1. Once phi is turned into ³J(HN,Hα) by the Karplus curve 6.51 cos²θ - 1.76 cosθ + 1.60 with θ = phi - 60°, what whole-Hz value does each residue of the stretch 290-296 show in order, with x for glycine and proline?
2. Under 5 Å between amide hydrogens, which residues at least 5 positions from Phe241 or on another chain qualify, with H placed 1.01 Å from N in the peptide plane?
3. Which of the lysines could be linked to Lys262 by a straight reach, that is with a Cα gap under 16 Å, when you skip same-chain ones fewer than 8 residues away?
4. Considering only C-alpha atoms, what is the centroid distance from the stretch 21-61 to the stretch 206-223, in Å?
5. Taking the stretch 311-375 on its own, what percent of its Cα-Cα pair distances exceed 15 Å?
6. Over all alpha-carbon pairs in the chain, figure out the percentage whose distance exceeds 25 Å.
7. Calculated from DSSP H runs of 4 or more alone, at -39500 (n - 2.57) each and per residue, what is the 222 nm mean residue ellipticity of the chain, nearest 500?
8. Among the listed pairs Lys82/Lys200; Lys219/Lys319; Lys82/Lys235, give every one whose C-alpha distance is greater than 29 Å.
Amino acid sequence: MARVHNWQIGREMSYWYPESRPTRQFAAIFDTNKCIACQTCTLACKTTWTSGRGQEYMLWNNVETKPYGFYPLGWDVTLLEKLGAQSWSGSRYDGRTLFEAAGPGERVLGWRPDDLDYAHPNVGEDDCTRNVDRGAHFSFEHEAWFFYLARICNHCTYPGCLAACPRGSIYKRPEDGIVLVDQGRCRGYRECVKACPYKKVFYNPMTGTSEKCIACFPKIEQGIAPQCFENCIGKIRMAGFLSTPDKANAGNPIDYLVHERKVALPLFPQFGLEPNVYYIPPVHVPLPYLRMLFGPGADAAVATYRQAKDDPDLTGLLKLFGSSERLLPRWRRQGEFVLGLAENGTELARVPLREPLRVIQAYDPVQRVTRTNCP
Ligand code: SF4
Ligand code: SF4
Ligand code: F3S
């Protein structure tokens, strides 16, 4: 085992291979406050990549309702229980990562779901934490809650899947950090399925190999956002590249939200994989639950997001989400507009800070009709 630095847990840790960061790292931010669970992302991916035989149950992108939704069944709670106590001192994780907690003969602490665990992709959808009396949803203080968690492969800096494969069939591309399964090398050992804590590697019984989200790399290579980003109805997603904290650049939208404003957080940082999908936490959910999911930065992230209305830079950048099919590696606010830019400064997208308001009179003299919203 090598010693590597994991900035998300604020310390060094053991990993199967030495630290080898890509030239640039593909990364994404999902704003959970805007997700409506329409599953357009799920279907955009499914129809693009996993509509073949043996791929029926594969959802490289899925959206589950927390706290009772899971795909596969119990993916997170099963592992959290196996890992045991997890504690932080400030931003330093004191517990064991999945690599450090691995048993004898095991590279990563993990578990392999049964076939039936994949049988109900939308179990728990819209289930609330408690019953709400009729009419009470107008007044209750979020004692009852749920939220939608969209999930893809995290293209981790320290992938569990890659560490676990005995054939070395999984690799991380040096040019963009995207993690792929070499279909020619894979022999279907499924150690990767067991080791990925997010359960984002899937076994194909027809080909006898495992498959996973490829971050739509043919699109990334052309500077275009992946399918599940481009088709997102709620405009909750932004794809790009993330720097390490010491090289953070506030002009890069991903760096700005992750490193500068610290409003977007990794999912289960305590697992130790340094995942590269970041979540803006749902502001109506109890903080202890958010700390378990997103680590000790959850309180500050929620407080920052709640102030966004008085913060034109943050509001503006959030409006840039989903504004273009192009990747937007740079951004800046220009008065009442927010611009998405190419690396060389070319303008690729422009959105107003405030949506223009147009008041339409009920009577239309041209058509000589009265339009009303009343039924
Ligand atoms: Fe591998 Fe899972 Fe990380 Fe994706 S999320 S890189 S499949 S360990
Ligand atoms: Fe599917 Fe592409 Fe989204 Fe990955 S990035 S889940 S391959 S649509
Ligand atoms: Fe390796 Fe997973 Fe294939 S463990 S051999 S990549 S099924």
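1. 5, 5, 5, 7, 10, x, x
2. Those lying under 5 Å, H to H, from Phe241 are Ala27, Ile254.
3. Lys247
4. Their Cα centres are 11 Å away from one another.
5. Tail of the P(r) past 15 Å holds 60 percent of the pairs.
6. Here the tail beyond 25 Å accounts for 57 percent of pairs.
7. Calculated from helices alone, the mean residue ellipticity at 222 nm is -4000 deg cm²/dmol.
8. Lys82/Lys235, as the Cα separations exceed 29 Å there.
We did not get these values from a lab; they are worked out from the coordinates using the rules stated. Note that the structure is a prediction, hence the values are computed from the model and not measured. Cβ atoms come from the backbone with ideal geometry, glycine included; neighbour counts cover every protein chain shown.
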